[in-house]
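Below: the structure, in structure tokens.
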Amino acid sequence: MRRLLRARLLVPAGVAAGVAAAGLLTFTPAAQAGTAPSGSSSSASSLHASTASASVAPTTSGAAGSASAKAAGINPVTLPSSYIAPGEALFAANCASCHGTDAVGTSRAPNLQGLGAGTIDFWVSTGRMPLADPTEQAVRKPPRFNALQTLEIAAYVQSFTPGVGVPIYHVNLSQANLAQGQSLFTLNCAACHTITGAGDALADGAFAPSLHVATPTQIIEAIRTGPGNMPHFSAGNITNAQARDIVAYVHEVIQHPTNRGGFGLGGNGPVAEGFVALLIGVGGLLLVAFWIGERA
Amino acid sequence: MIDKSLRWVDDRLGVAKGGRTFLDKIFPDHWSFMLGEIALYSFVVLLATGVFLTLYYVPSAKEVIYHGSYLPLRGQRVSEAYASTIGLSFDVKSGLLMRQAHHWAADIFLGSIAVHMARVFFTGAFRKPRELNWVVGVSMLLLGILNGFLGYSLPDDLVSGTGIRIAYSILESIPIVGSYIAFFLFGGNYPGNGIIIPRFFIIHVLIIPAIIVGLLAAHLGLLVKQKHTQFPGKGRTEHNVVGSPMFPTFMAKTTGFMFMTTATIFLLAGFAQINPIWQFGPYQPYQISYAVQPDWYMGWLDGALRIMPSWEFVGWGHTWPLEVFLPAVLFPGIVFNLFFAWPFLEAKLTKDRAYHNLLDRPRDRPKRTAAGASVFMLLFMVFCASSTDVLANFFNVPLQSVLITFRIIVIVLPILTFFVTYQICKELQGYEAAGKRKHPVVVTLTPEGEYRTTEMAPHPGDGHEEIEPIPVPTFINLVPPELATGSGVRRVMR
């Protein structure tokens, strides 16, 4: 009942009741669903939660989803049409000043039509959009919108070109092959994101961001849409099953590395190790020498 | 009983005389004379842990399917070298501890050599008659760096594989003979049919350690033969050595230091992870990770390579890759030749060919100190340049800006360092009490209203003090009368 009341703040009662009754959406902080842009949403939706479970989001069937995608555990999510109207309001208030009415783009920002809900979800849910300075590479920051609002904006942009572009995916990692993921990650991702996923500076002021906080949905969206400087990998390059394996490797190994040998030193490799060896190791032993030797 | 068995040994081998000399060797007590010992004891740890590692490591590039306990690699095709190193880290009892101890010990070994070398350099301990021992020491540093690189390469993981690839290119960049040397070492074009791992292995565990052990024996033998240098001070001359004898004082000290060194290495090995190769994956020549750095002692070479502009020209039917040859062959070549030649170079420049057993204070030799500081600054800056990407990422500045900044500061800063250091030395020379604490001055107010200042005695420890005599244990009854002073502090004639 409380959930229903919360939802009513935002969407027409009938739709909210329907969604809530279906038990599909669970968004936690009540007020934030209602307050618009200024609310800093700390909650990732269950879609962006750490484990991709089955109880996730709107209907996971679908328009864009093929049988192979589903078998691979990567299921496109179809957003309910009831999201479109509130999404339009959010878009007009927060996005249209740069991306134009109807998301057709202006001289300051690109046309979003046809990019698909997955593209919108990636940029908004990682906090990269809205962007203060369009000349710099967008950085990950606390998202301005909560999970529901993000989906609504995505639904609105998708509504111009139904079925076109990259949809939002729900990833099921239960069938994933980590070894395959490791190999594919090394081949396709490590050259920029580094082998430990820590990210690093690239040429021309660009950088590859750290992968340590990305959710499975964001990872698959990044692979399929290629945000910013990142190349995009279509199903022809990396099959759905392979993409799932990469997501699993990033999510289960890169984000939770086996630090069997003690403190991981940030995954920064020999730079951090050299500092420890010289400052703590040699430095400590110098102090010992200073202690047992004569000082004058 | 001990006496009897010692006599038995001496009757047959005649070791008493030499043993006497050795046990009576006098070590100066200043703490800065103990830096080389860190290197010595970490080398002992390297040998011990290295032996353990060879019991499990398989030096082979043959491909196998990994079936060990690290899940994300299971079923992958990896080299036997990589699989056995992962096995050491996951499936051999205390294997990871030994691996990490070996690696930390290597980092500390080379770090302490650098510190020891700096002490020897800045105090002028390399002067006549000790030039040869300096050369021996620099040779060990060179071999240590080389062996560190080889050992780092043995696990055949993605990061170290990239290092081998770079090493191959560096060899190739040598004009005329480069490709022959590279082909000779790798047995063909890169990656050379998998023979590089067993070759590196045998050089790493047998050839270089054997040479280092030989040089180490020479280093210590010369140290005993030529006797220690010492800082000038009360009762210390060019013709004596003041300090504690090998037995019992120094023996106790150095044994304690050995335990402290070993403990430091194993504490790091137990608590701080180093080179987690399972996170890097096996090396495939067609794969690469961004942001790969070598271990710290190779960092200055990597940094030089990174900041070098891409100068390359084609002539006489060849491509001349100066952007690799200059920073990776010529630069370290010049640096090490300068190291080797320094004692002779300095003697030539100063025309000082006398024996020196008393050390210099760095400020009293401003030109040498400035030159040393300048070279140190150059190497340190080039070393920092090996983390251009990390710095760019951390400070959120473009990589190119970091690169160009480093190109400028590796030239400007050493020059600046030279003049600043020179000036500091000169200023310090002019100030007699530099480096000493001021005497406390007590101000008193007399009943007449007059202020009086009284200078107090110096702090204990500020002036030079002789060490309190320690009675020699009574069980040492072999002391020849001319040496038996009954004191722990001894003075011997050279």
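The values are calculated or read from the model by the stated rules, or taken from the named source; none is laboratory data. Please read these numbers as outputs of a predicted model, since none were measured by experiment. Counting neighbours? That spans all protein chains shown, and the Cβs are built from the backbone with ideal geometry, glycine included.
Structure values in brief
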{"quantity": "Residue count for the range A:276-296, restricted to those that are at pLDDT below 90 and either acidic (Asp, Glu) or closer than 17 Å to B:ILE113 by Cα (or both)", "calculated": "1"}
{"quantity": "In the range A:244-267, the residues that are outside any helix (DSSP H, G or I) and crowded, with 20+ Cβ neighbours inside 10 Å", "calculated": "A:GLY261"}
{"quantity": "Any chance B:PHE336 is within 18 Å of the chain's Cα centre (by Cα), closer than 23 Å to B:ARG306 by Cα and surrounded by fewer than 20 Cβ atoms within 10 Å (Cβ to Cβ)", "calculated": "yes"}
{"quantity": "Selection status of B:PHE90, touching a Phe, Trp or Tyr at 6+ places or on another chain (Cβ under 6 Å), at negative phi and not β-branched (Val, Ile, Thr)", "calculated": "yes"}
{"quantity": "Residues located in the range B:92-150, provided they are small (Gly, Ala, Ser), over 17 Å from A:LEU285 (Cα atoms) and within 14 Å of chain A (Cβ to nearest Cβ)", "calculated": "B:SER94, B:GLY95, B:GLY144, B:GLY148"}
{"quantity": "Scope the range A:204-249; condition of a type in the set (Val, Ile, Thr), farther than 16 Å from A:PHE122 by Cα and in contact with a Phe, Trp or Tyr (Cβ under 8 Å, 6 or more places away or on another chain); matching residues", "calculated": "A:ILE246"}
{"quantity": "Residue within the range A:182-203 that is under 20 Å from A:THR239 (Cβ atoms), in contact with a Lys or Arg (Cβ under 6 Å, 6 or more places away or on another chain) and not charged (D, E, K, R) present", "calculated": "no"}
{"quantity": "Answer residue from the range B:284-315, given it is of a type outside the set (Lys, Arg), more than 10 Å from chain A (Cβ to nearest Cβ) and within 29 Å of the chain's Cα centre (by Cα) and is farthest from B:TYR70 (Cα to Cα) among those", "calculated": "B:MET308"}
{"quantity": "Condition met for B:ALA328 (closer than 30 Å to B:ILE176 by Cβ, of a type outside the set (Phe, Trp, Tyr) and either within 14 Å of chain A (Cβ to nearest Cβ) or in contact with a Ser or Thr (Cβ under 8 Å, 6 or more places away or on another chain) (or both))", "calculated": "yes"}
{"quantity": "Residues located in the range A:173-203, provided they are touching a helix residue (DSSP H, G or I) at 6+ places or on another chain (Cβ under 7 Å), under 18 Å from A:GLY264 (Cβ atoms) and at the interface with chain B (Cβ under 8 Å from one of its Cβ atoms)", "calculated": "A:GLN182, A:ILE195, A:THR196, A:ALA198, A:GLY199, A:ASP200"}
{"quantity": "Matching residues in the range B:339-361 - criterion: being buried (at least 18 other Cβ atoms within 10 Å of the Cβ) and without any contact (Cβ under 8 Å) to a residue 40 or more places away in the chain", "calculated": "none"}
{"quantity": "Residue satisfying condition, being touching a Phe, Trp or Tyr at 6+ places or on another chain (Cβ under 6 Å) and not small (Gly, Ala, Ser), within set B:VAL224, B:VAL242, B:VAL159", "calculated": "B:VAL159"}
{"quantity": "Identity of the residue in the range B:50-87, part of a helix (DSSP H, G or I) and more than 14 Å from chain A (Cβ to nearest Cβ), that ends up surrounded by the fewest Cβ atoms within 10 Å (Cβ to Cβ)", "calculated": "B:VAL51"}
{"quantity": "Test: residue in the range A:137-144 that is buried (at least 21 other Cβ atoms within 10 Å of the Cβ), without any contact (Cβ under 8 Å) to a residue 40 or more places away in the chain and out of contact with any Pro (no Cβ under 6 Å at 6 or more places or on another chain)", "calculated": "no"}
{"quantity": "Residue match in the range B:18-30 (condition: part of a helix (DSSP H, G or I), within 14 Å of chain A (Cβ to nearest Cβ) and crowded, with 21+ Cβ neighbours inside 10 Å)", "calculated": "no"}
{"quantity": "The lone exception for B:ILE467 - which of (1) modelled with pLDDT under 90; (2) exposed (fewer than 14 other Cβ atoms within 10 Å of the Cβ); (3) out of contact with any Leu (no Cβ under 8 Å at 6 or more places or on another chain) it fails", "calculated": "(2)"}
{"quantity": "The range B:270-322, residues that are touching a residue at least 60 places away in the same chain (Cβ under 8 Å) and assigned to a strand (DSSP E or B)", "calculated": "B:ALA272, B:PRO282, B:HIS318, B:TRP320"}
{"quantity": "Any hit, the range A:252-262, residues being of a type in the set (Ser, Thr, Tyr), touching a strand residue (DSSP E or B) at 6+ places or on another chain (Cβ under 7 Å) and either without any contact (Cβ under 8 Å) to a residue 40 or more places away in the chain or farther than 30 Å from B:LEU35 by Cβ (or both)", "calculated": "no"}
{"quantity": "Residues within the range B:249-283 that are more than 7 Å from chain A (Cβ to nearest Cβ), of a type in the set (A, V, I, L, M, F, W, C) and surrounded by fewer than 23 Cβ atoms within 10 Å (Cβ to Cβ), tallied", "calculated": "9"}
{"quantity": "Selection within the range B:233-248 - out of contact with any Lys or Arg (no Cβ under 7 Å at 6 or more places or on another chain) and within 11 Å of chain A (Cβ to nearest Cβ)", "calculated": "B:GLY233, B:LYS234, B:GLY243, B:SER244"}
{"quantity": "Selection count where residues are within 26 Å of the chain's Cα centre (by Cα) and in contact (Cβ under 8 Å) with a residue 24 or more places away in the chain, scope the range B:184-211", "calculated": "10"}
{"quantity": "Residue pairs meeting the criteria (Cβ under 8 Å; at least 6 apart or on separate chains; first on the phi < 0 side of the Ramachandran plot, in the range A:94-108; second outside any helix (DSSP H, G or I) and of a type in the set (Phe, Trp, Tyr))", "calculated": "A:ASN94/A:PHE145"}
{"quantity": "Unique residue being closer than 28 Å to A:PHE207 by Cβ, crowded, with 16+ Cβ neighbours inside 10 Å, at pLDDT 95 or above and of a type outside the set (Asp, Glu) when the list is B:PHE406, B:PHE418, B:PHE383, B:PHE376", "calculated": "B:PHE406"}
{"quantity": "Filter pass, B:THR85 being of a type in the set (Val, Ile, Thr) and within 30 Å of B:LEU220 (Cβ to Cβ)", "calculated": "no"}
{"quantity": "In the range A:112-169, the residues that are closer than 17 Å to A:ALA96 by Cα and β-branched (Val, Ile, Thr)", "calculated": "A:THR119, A:ILE120, A:VAL124, A:THR150, A:ILE153, A:VAL157"}
{"quantity": "Only one of A:ALA235, A:ALA241 that is away from chain B (no Cβ under 12 Å), over 23 Å from A:LEU112 (Cβ atoms), small (Gly, Ala, Ser) and surrounded by fewer than 20 Cβ atoms within 10 Å (Cβ to Cβ)", "calculated": "A:ALA241"}
